[in-house]
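The structure appears right after this line, and notes come after that.
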Amino acid sequence: MERKAIFAPVGEASVTRAIVSEFLGEFLDYIESDVIVVGAGPSGLMAARDMAKSGLKTVVIESHNYLGGGFWAGGYLMNKVTFRAPTEDILEELSIPYKEIEPGHFVSDSPHACSKLIAAACDAGAKIINTTRVEDLVVREDAVCGVVMNWSAVSYMPKAIGCVDPVMLQSKLVMDATGHHARIVGHLERRGILTMPGEANMWVDRSEDGVVEKTGFVYPGLLVIGMAVATVYGLPRMGPTFGGMLLSGRKAARIAIGCIKDMEANSAETFESKA
Ligand code: 48H
């Protein structure tokens, strides 16, 4: 009896060709972009979503295979995340279900909240490059204008065979959204350009306001956002409450959108004055 197939007839070569050609085509397109966000935790994803939604060409680079950073795990390996008002506006906007447990204090399932945020960033058009680690910055005329990156797997290879040179992506702006370690600002610190005091002890009430207030440029072309802000400015940590991360991402996106508009207006002016 003739076997009736359920799926369309597609061969092995077609599967490989689809993956390689799609990946490389998009990769080539994103070698130059408006903004590179390093780190796909809550702050980076929120910023990427808002920037992509406003039309900026946005790339997110994440060293892990999975996206979401500390947003999956909640606190104490219990998969719930909390938020303080006024973050419920963002939860509503992203259709993240939540429960008010006391006035101004909300709780959500972290897998649900995190997957909604990832989907929102992708739906808005942010391009994700995962399993890739940013290991340095491109700096020209005292301004950051790109990143140096390599497959994360290279850093796990034995030294004898792990000598693989990185590649570079260019962008108008870069965001350090790498969390507690502020890895990207760290590349300026190790060259003596600035010093980071490191995050201070836990103080929920103080920390999130401080992180949002200080979110912004730390060096020309480089913004610091999310938990990295606490490390760069010596602000207290806040534990597993995430409103500050989402509002920091949103603020960074607003700054980047304004800044790139100004850059475009200036270059149009220069072009007109030359014409
Ligand atoms: C590519 C990299 C690199 C690199 C790191 O830690 P995250 O979740 O960061 P935030 O700031 O969005 O959120 C912080 C929050 O999760 C948290 O830890 C809180 C609120 N803590 C409070 C407290 O008191 O403890 O995500 C950062 C992401 C991760 O996914 C890393 O893998 C990634 O950045 N990353 N990606 N190149 N060099 N370094």
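The values are calculated or read from the model by the stated rules, or taken from the named source; none is laboratory data. What you are looking at is a predicted structure, and each value in this text was computed from that prediction instead of being measured. Positions of Cβ are backbone-derived with ideal geometry, glycine not excepted, and every protein chain shown enters the neighbour counts. Ligands, DNA and RNA are excluded from the accessible area calculation, which covers all protein heavy atoms including side chains. Shrake-Rupley method; radii C 1.70, N 1.55, O 1.52, S 1.80 Å.
General observations
- The stretch 33-274 - percent of accessible surface contributed by carbon and sulfur, probe 1.4 Å: 54 percent
- Taking every DSSP beta bridge that has both ends in the chain, the antiparallel portion is near 55%.
- Across the stretch 109-158 the C-alpha pair distances fall into 10 Å bins from zero in the proportions 21, 28, 35, 16, 1 percent.
- For the stretch 83-173, applying the loop criterion from DSSP together with a ceiling of 13 other beta carbons within 10 Å to the GluC sites (Glu not before Pro) yields Glu141.
- Most mobile of Gly210, Gly104, Gly179 in a GNM of the chain (Cα contacts under 10 Å): Gly104
- Residue among Thr58, Thr87, Thr16 with the largest mean-square fluctuation in a Gaussian network model of the chain, springs linking Cα atoms under 10 Å: Thr16
- With protein chains left intact and a 1.4 Å probe, residues in the chain average 55 Å² of accessible area per residue.
- Low-density loop cleavage sites - chymotrypsin sites (Phe, Trp or Tyr not before Pro) in the stretch 158-249, where at most 16 other Cβ are within 10 Å (DSSP): Trp203
- Each of the trypsin sites (Lys or Arg not before Pro) that DSSP puts in a loop and that has at most 11 other Cβ atoms within 10 Å breaks the chain; the longest unbroken stretch is 5-158.
- Projecting the Cα positions of Met196, Asn130, Gly244 onto the charge dipole of the chain (unit charges on Cβ atoms of Lys, Arg, Asp and Glu, taken about the Cα centre) puts Asn130 furthest along the positive direction.
- Structural size metrics of the chain, computed from C-alpha coordinates, are Rg and Dmax of 20.4, 77 Å.
- Charge dipole of the stretch 33-274 (Cα centre as origin; +1 on each Lys and Arg Cβ, -1 on each Asp and Glu Cβ, all else neutral): 460 debye, rounded to the nearest 20.
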